[in-house]
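A quick write-up on the structure given underneath.
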Amino acid sequence: MGSFAFNVPHVDKLVHFIFYFIMVILGFLALRNDFKHRFSLKRTLLWIVLFSIIYGIIIEVLQYTITVDRQGDILDALANSLGAFMGLLLVKSTKYRDGSLK
């Protein structure tokens, strides 16, 4: 039996998007109670999104500059950022239906 694999162009961008989408949602759910006495939930969510985006950019830069078998990709960083923003929108729309994170 031969191996069977899908050859979908740019499927890795979808994977990047999904990972960062989930990172923001899980990050918010994990940290909302820990930070609620120091920051508003809106600010906590903003910090999680900013961390996710900066982390994604740093990883791509490190892949470009340090590794020999991996390449940094601006489109990966864009997919990461879009996933983080969509995670933010989902948290805001489902957790706080009135649009405010108090």
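Filtering segment 1-59 to residues that are at pLDDT 95 or above and aromatic (Phe, Trp, Tyr) leaves Phe17, Phe19, Tyr20, Phe21, Phe51, Tyr55. Reported count of residues in segment 32-42, each being within 21 Å of Ile22 (Cβ to Cβ) and surrounded by 11 or more Cβ atoms within 10 Å (Cβ to Cβ), is 4. Between Arg38, Arg32, Arg70, the distinction of being of a type in the set (Lys, Arg) and not in a loop (DSSP other than H, G, I, E, B) belongs to Arg32 only. Hey, any hits in segment 54-69 for a residue that's among the aromatic types (Phe, Trp, Tyr), in contact with an Asp or Glu (Cβ under 9 Å, 6 or more places away or on another chain) and open to solvent by 50 Å² or more (accessible area, probe 1.4 Å)? Among the residues of segment 54-69, at least one is among the aromatic types (Phe, Trp, Tyr), in contact with an Asp or Glu (Cβ under 9 Å, 6 or more places away or on another chain) and open to solvent by 50 Å² or more (accessible area, probe 1.4 Å), which makes the answer yes. Scanning segment 1-60 for residues that are hydrophobic (A, V, I, L, M, F, W, C), over 17 Å from the mean Cα position of the chain (by Cα) and over 18 Å from Leu88 (Cβ atoms) yields Met1, Phe4, Ala5, Phe6, Val8.
The values are calculated or read from the model by the stated rules, or taken from the named source; none is laboratory data. Keep in mind it's a predicted model, so treat the numbers as computed, not measured. For neighbour counting, all protein chains shown are included, and Cβ atoms are generated from backbone atoms with ideal geometry for every residue, glycine included. Side chains included, ligands, DNA and RNA excluded: accessible areas come from the protein's heavy atoms. Shrake-Rupley method; radii C 1.70, N 1.55, O 1.52, S 1.80 Å.
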